[in-house]
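See below for the structure under consideration.
The values are calculated or read from the model by the stated rules, or taken from the named source; none is laboratory data. Quick caveat: nothing in here was measured; it's all calculated off a predicted structure. Positions of Cβ are backbone-derived with ideal geometry, glycine not excepted, and every protein chain shown enters the neighbour counts. The accessibility values were calculated without ligands, DNA or RNA, using every heavy atom of the protein model including side chains. Shrake-Rupley method; radii C 1.70, N 1.55, O 1.52, S 1.80 Å.
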Amino acid sequence: MSIPLRIDIREGLNRPDDFIQNDGSIYIEQDFVISRNNDGTVLSKYSDDNWDFSPYKSNIRQNHMLNFEYIDNENRDIVKELMFHRLVVGGGTNGSLLSVATIVNIFLSCLRPLANFSNKLNVNTITVLENDKFIQKYIKEECIDTARTYTFRSLLEVLNRTSNEKLGIKYRHNENIIKQLIFLYAKQATKYKQHPVIPSRIYSEYITVSWKIVNGALKHQKSISNLIEYRLIHFTKETKKYSTRYKMNLFWKKWKKLIGESSIKILCNELNLEYSSDFKWFVSFLSSIQKTCLDLIGIYTGMRIGEALTLNSDCYKTRTFNGSKVSYLEGMTHKYQGRNVSAKWVTTSEIEKAIKLLNVINTAVSKYFKCDLSECRLILSTVILEKIDQRPKTIDELNKKKTSLAKNNKLLPLYNNCEIKEQDLLELEEIEFNHDWRNDSKYQIGLIWTLTHHQFRRSLAVYALRSGKVSIGALQGQLKHLLREVTLYYGKGSLRAKLLFGEDSLSNKHISKYMEDILPEIDTINLLSTTVFSDEKLFGAHGVHVERNIIPRIQSGEITIVEFRKQTIKNMKNGSIAFKSTPLGGCVSIERCDKRMLRQVTACIACTGSVIVESKLNRVIQLQEKFINELEKDSIEYRTEHKELIKLKDARNKLIKGDTNE
């Protein structure tokens, strides 16, 4: 029987050999082809001690090697056979295709640690898998993170589904051990579980659509206001003397006339939305608008949903600070358990439009309760528009009502362009490469990205901290001012925010603290994307170090990206390394640099912490040439900048064209 290997291979690429299974046992020919180049030539055979899956990987810098040389001779053949068996049976109970990332993860997180553990005990891997005491010892000593725990449990499950005769392993399945691994994984996962960053393309698309909704609704705010007021005020007055049944008949008749004469239908046409004259549809439509505004508040402030729901209608404030106008929202947060305290969030003036739209609803409500608008919560429950006999009696009672936002979101069809594409997965893999995005059912290409409010908080923090490092397309235009403000006020211990709002204004749950906590992680991402994940050859002292000493070890499988990332984050936290983006690439020096303030870019060339990227060096040279062409040739400034240009060109000739570091 011919069995194709369960490897996820793009159409058009040359596949490995098919496995021929005759008598039910697994016997692999030594010249069995594990991988082929794009031209069809053999890249790796079973007998090789390095299996190279580079033609099948999705990311150019992704680890693609299984290096069996690091496994002792006694266990090497056993690990090869176990790895090959996984390639035959695939992943999960249904034998799903394995990506290169998953294959490498199985090898590095399970099979290699298992072989090394066996070697320490002076037994072979088969002996360990046949003995429950050894398995328990392995779990205790080696299952130190989710990757190792998950892959080892997966191995045991595969062995349970495979007859002992096939692999020659007398494995006895122990359900208690499986339960132990499930419990351990759940415990470990709580440490690492966090909301994903929204890919910048989807983030940008969502913001664009959300503002289209807000701006469109503001154009028709009079119609929205009139319809709410009719339901709350005029309908109640007009029908006081009639029976309940007659009231409802009268209401539906008048309602259909009013909504038909309003501009709501025009708004729906402008937004390409399905229109209905049904009152329940209108209530759901209002709730959907509230949800859009709430999301924009999350996007433009980083507030938790619980914090956003504490905002009052007059929450938008401005203040002049150091000669500049600063916009912020004022609300409440839980600084200590059971106690609300005032809190403030820096934002941009654009968010005032979302506040204004929400207050179209709230103004009608304040008229009904005959209270001041400032007494209304910004986002009120739409229960006020529903059954008259169930209406809250006071504004305080309504403010306490739980909001049930957009369970049937009428605006969701507008977000169809927020479907996941290949470029989104590549971006996610760069930011959080310890997550197997391609095998996560929630993040498959073609699915609509499921947004949660906390994703806005994490995305704002990550993009604000990375805004000086990466180009994020349209997002840069939409959030440029906000990212600058957030970084300015919440960076470096939030010193500016404390001066603006007061020393005790930022709680331990504020986004500023969250940004402070994840800064080492973001600096590590920036460092890795500039070095390890770069498609270009690196120059400069640290760049050459990475090229010669780090990248080869990762590609050979000696260390994993995850292990290198963890160590780098640890080094960032203890202050033994830092990372700053520079015009030429980056710098890992922990020393304060006064050259950047003086625009002495050439100082980076001789710096021991420099990472120089050829394309960036060329870009700086082009800009420098353009700059000096605009200067008077007899001026001191021209002569100074011209010297800088010569130094940059000399550096390019020496570092790159001459490559004197070789």
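Worth pointing out:
- Sparse-neighbourhood loop sites, GluC sites (Glu not before Pro) in the stretch 599-637 - DSSP loop, at most 10 other Cβ within 10 angstrom: Glu630, Glu632
- Filter on Lys219/Lys400; Lys187/Lys573; Lys325/Lys570; Lys580/Lys633; Lys257/Lys387; Lys140/Lys570 - keep pairs with C-alpha separation over 28 Å: Lys219/Lys400; Lys325/Lys570; Lys580/Lys633
- Calculation over all alpha carbon pairs of the stretch 267-367 in 10 angstrom steps from 0 returns a P(r) of 13, 39, 30, 14, 4, 0 percent.
- Between Lys140 and Leu645, residue separation times 0.36 nm minus the direct Cα-Cα distance comes to 175.9 nm.
- Solvent-accessible area, 1.4 Å probe, carbon plus sulfur percent, for the stretch 603-648: 52 percent
- Percentage of interatomic Cα-Cα distances in the stretch 1-153 larger than 21 Å: 46 percent
- The stretch 252-319, accessible surface, carbon-and-sulfur percent (1.4 angstrom probe): 52 percent
- Distance between the pseudo-spin-label points of Ile551 and Glu229 (7 Å out from Cα toward the beta carbon): 6.7 nm.
- Under 15 Å from Lys643, Cα to Cα: aspartates and glutamates that are on another chain or at least 8 residues apart: Glu625, Glu632, Asp634
- Set Lys626/Lys649; Lys80/Lys166; Lys57/Lys421; Lys254/Lys370; Lys212/Lys317 screened for pairs whose C-alpha atoms are more than 21 Å apart: Lys254/Lys370; Lys212/Lys317
- Accessible surface of the stretch 82-222 [probe 1.4 Å, protein heavy atoms]: carbon and sulfur percent: 51 percent
- Accessible surface for the stretch 112-179, divided over its residues, is 50 Å² per residue with a 1.4 Å probe.
- Relative packing of peptides 518-524, 439-445, 149-155, 130-136 - highest average C-beta neighbours within 10 Å first: 149-155, 518-524, 130-136, 439-445
- The stretch 311-401, accessible area per residue, ligands and nucleic acids excluded (1.4 Å, Å²): 50 Å²
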